[in-house]
Amino acid sequence: MRRDVLGSAYAHPEVLVETDWVAAHLDDPGVRLVEVDVDTAQYDKGHVPRAIGFNWERQLNDQVCRDIISQRDLEALLSAHGVGNQHTLVCYGDNNNWFAAFAFWIMKVYGHADVRLMNGGRKKWVFVEGRALTTDRVTNPPTSYVAKPADQSLRAYRDQVLEACTDARHVIVDVRSPEEFTGEILAPPGLVETAQRGGHIPGARNIPWEEAVQEDGTFKLADDLRRAYAGKGITRGRKVVTYCRIGERSAHTWFVLKYLLGFPHVSNYDGSWTEWGSVVRAPIDRGMESRPE
């Protein structure tokens, strides 16, 4: 097991690549870079050379019903952009990799073997290291991508979360801000997808997603991560459900728990608060959380 620079071991270090690694593999035919941003206009303004761009609103989500992209549509998307089953797929984006982690989660739901995140995302590449961007359009020879049926163990649905509220074997992690958790606000400033009610799922622990990252956007050391989550009763022996507002910040925490810390049972509730906070008679708590069990 490779250890990070200060000696704290990640459970699956192979899912992270550093910016130096990306820079050295820009022309590697076995690698495909994918940028996925909260701000969907970022890619056209400048992206890492050789990176393709996916729009999370139009390309990674179903355009009719509230759902992630279907297996068939993912196959068409990846095939059109020259991504094959054999490729190493490296995702990165803005906001410390929010939607890059969401894309990583979707790729794992559909069984892509080798998906990684660029540690630090756009923040480190552009603002910390000042590396080059390009506006050149990227074209790759089309492929015939074949996805696997969705791995439902990686995804949580409303009824499963409702059961988890009263099942001590589970722990629910709300990764939103404390103000969203208590119901003071429905969404961070500038974000429009909201629910009808504010608050949190009963019994949820509030650990905002940004507690997992350092100032340069890279992930904190494994030991620091373990201490932060264990302090809220989130341990490997429990089944963990993560959620946020629409599923992207919770995918970030899902990645931390499942791949950096190696928790065996972690699922992402991508319906998140925009679903739960609008469902008739869904139980809601407000205020701060109770003490961890």
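Let me know the shape class of region 1-105, please: from the alpha-carbon gyration tensor, a ≥ b ≥ c as square roots of the eigenvalues, rounded when a/c is under 1.5, otherwise prolate if a/b is greater than b/c, or oblate.
prolate
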**Request:** Write down the percent of antiparallel bridges among all DSSP beta bridges whose residues are both part of the chain, to the nearest 5.
**Result:** 15
**Request:** Among Pro264, Ile185, Ala204, flag the residue with its Cα farthest along the positive direction of the charge dipole of region 153-276, charges on Cβ as +1 for Lys/Arg and -1 for Asp/Glu.
**Result:** Pro264
**Complete:** The simple spin-label model distance between Ala41 and Arg169, using points 7 Å out along Cα→Cβ, in nm, is 4.9
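Based on the Cβ-Cβ distance of Ser153 and Asp67, what FRET efficiency does E = 1/(1 + (r/R0)^6) give at R0 = 22 Å, to the nearest 0.05? If you can, show how the numbers build up before the last one.
Numbers: r = 17 Å, r/R0 = 0.79.
Calculated value: 0.80.
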**Request:** Between Glu57 and Asn140, with labels modelled 7 Å along Cα→Cβ, what's the label distance in nm to one decimal, could you check?
**Result:** 2.5
**Prompt:** Taking Cα centroids, how far is region 269-290 from region 13-84 in Å?
**Reply:** 30
**Fill in**
For the chain, the Cα gyration tensor yields equivalent-ellipsoid semi-axes (√(5λ), largest first, whole Å) of 30, 21, 18
**Message:** Quick check for you: which residues of region 157-192 have the amide N under 19 Å from the point 7 Å beyond the Cα of Arg281 toward its beta carbon?
**Reply:** 158-166
**Pairwise Lys count, the chain - Cα closer than 19 Å, eight or more residues apart or different chains** = 11
**Request:** Using only Cα atoms, locate the centre of region 168-202 and the centre of region 204-266, then give the distance between them in Å, rounded to an integer.
**Result:** 16
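Would you mind ranking Ile284, Ile234 so that the residue whose beta carbon has the fewest other beta carbons within 10 Å leads the list?
On the way: Ile284 17, Ile234 23.
Taking fewest neighbouring Cβ atoms as first place, the list is Ile284, Ile234.
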**Asked** To the nearest 500 deg cm²/dmol, what mean residue ellipticity at 222 nm is calculated for the chain from DSSP H runs of n ≥ 4 alone, each contributing -39,500 (n - 2.57), summed and divided by the residues?
**Response** -6000 deg cm²/dmol
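The numbers here are math on the coordinates, done by the rules we state, and not lab data. Keep in mind that this is a model prediction, so the values were computed, not measured. Here the Cβ is made from the backbone with ideal geometry for all residues, glycine too, and neighbour counts use every protein chain on show.
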